[in-house]
Every structure is written in C-alpha cells, then in structure tokens.
1. So which pairs qualify, if the first residue must be in region 4-27 and more than 23 Å from residue 79 (Cβ to Cβ), the second must be in a helix (DSSP H, G or I) and open to solvent by less than 90 Å² (accessible area, probe 1.4 Å), the Cβ gap must be under 6 Å, and the two must be at least 6 apart or on different chains?
2. For region 28-50, give me each residue that is open to solvent by less than 100 Å² (accessible area, probe 1.4 Å) and either touching a residue at least 24 places away in the same chain (Cβ under 8 Å) or out of contact with any Lys or Arg (no Cβ under 9 Å at 6 or more places or on another chain) (or both).
3. Return yes or no: is residue 56 among the β-branched types (Val, Ile, Thr) and surrounded by 12 or more Cβ atoms within 10 Å (Cβ to Cβ)?
4. Which of the residues belonging to region 8-53 are aliphatic (A, V, I, L, M) and part of a helix (DSSP H, G or I)?
Amino acid sequence: EAKLVDSGERDKILDFLRMKLMESGWEDKLRKHCSELIKKKGTETLKLQDLIKEIVPLGQENVPEEIKNEVQEKLQKFLMDNLK
C-alpha cells in the first residue's frame with residue numbers, strides 16, 4: 001500500500017473513480033436519496049449516524065460494475081508492474 005501511495009498512483013486512481021462516479025450520476029442519486037430521507041424523517045429526528053448507516057451500503061451497492069472493473073484493472077496493473 002505504501003508503494004501505491006508513494007508513487008502517486010493511489011491519488012490517480014481515486015481521481016479516476018471520482019470522475020467516473022460523477023459521470024455515471026452515482027453522486028446525484030445518493031444526494032437525492034439523502035434529501036428524501038431528510039424530508040421524510042426531518043432534521044429534528046434524523047441523526048447523522050443514521051443517515052450514514054443507510055447511505056454507505058446504498059452507495060457501495062450502486063457503484064456501476066463497469067467502474068468497479070476499471071478500478072480493479074488499474075490496481076491489478078499497478079501490482080503486476082510493481083511486483084517484478
């Protein structure tokens with residue numbers, strides 16, 4: 001992991017992931033869901049921890065497979081190139 005960070009590749013992959021998630025509408029979907037939850041439960045009763053507990057699994061489940069595969073390929077390439 002240190003080599004991934006030190007090489008700057010971790011930041012490149014994270015930037016790529018952020019860009020792809022934004023392009024896919026993933027972030028907008030999560031924002032919309034958060035807004036709906038806040039409207040439904042109200043700010044008086046909804047705690048941040050409860051919001052996080054609901055949003056994190058939803059966010060993980062809704063990452064498009066194509067994006068997961070592209071990130072995995074980038075990580076595998078880095079590993080193969082650096083294990084030699």
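1. Every condition considered, the pairs that remain are 27/21.
2. To start, the set of residues in region 28-50 that are open to solvent by less than 100 Å² (accessible area, probe 1.4 Å) comprises 28, 30, 33-38, 41-42, 45-46, 50.
The answer is 28, 30, 33, 34, 35, 36, 37, 38, 41, 42, 45.
3. Values: among the β-branched types (Val, Ile, Thr): yes; surrounded by 12 or more Cβ atoms within 10 Å (Cβ to Cβ): no.
Here the answer is no, as residue 56 does not meet what is asked.
4. Step one: filter region 8-53 for residues aliphatic (A, V, I, L, M), giving 13-14, 17, 19, 21-22, 30, 37-38, 46, 48, 51-52.
Residues satisfying the conditions are 13, 14, 17, 19, 21, 22, 30, 37, 38, 48, 51, 52.
The values are calculated or read from the model by the stated rules, or taken from the named source; none is laboratory data. None of the values given here were measured: they were computed from a predicted structure. A quick note on method: Cβ atoms are made from the backbone with ideal geometry, for glycine too, and the neighbour counts reach across all protein chains shown. The protein model used for the area step is the full one, side chains on, heavy atoms only, and it has no ligands, DNA or RNA in it. Shrake-Rupley method; radii C 1.70, N 1.55, O 1.52, S 1.80 Å.
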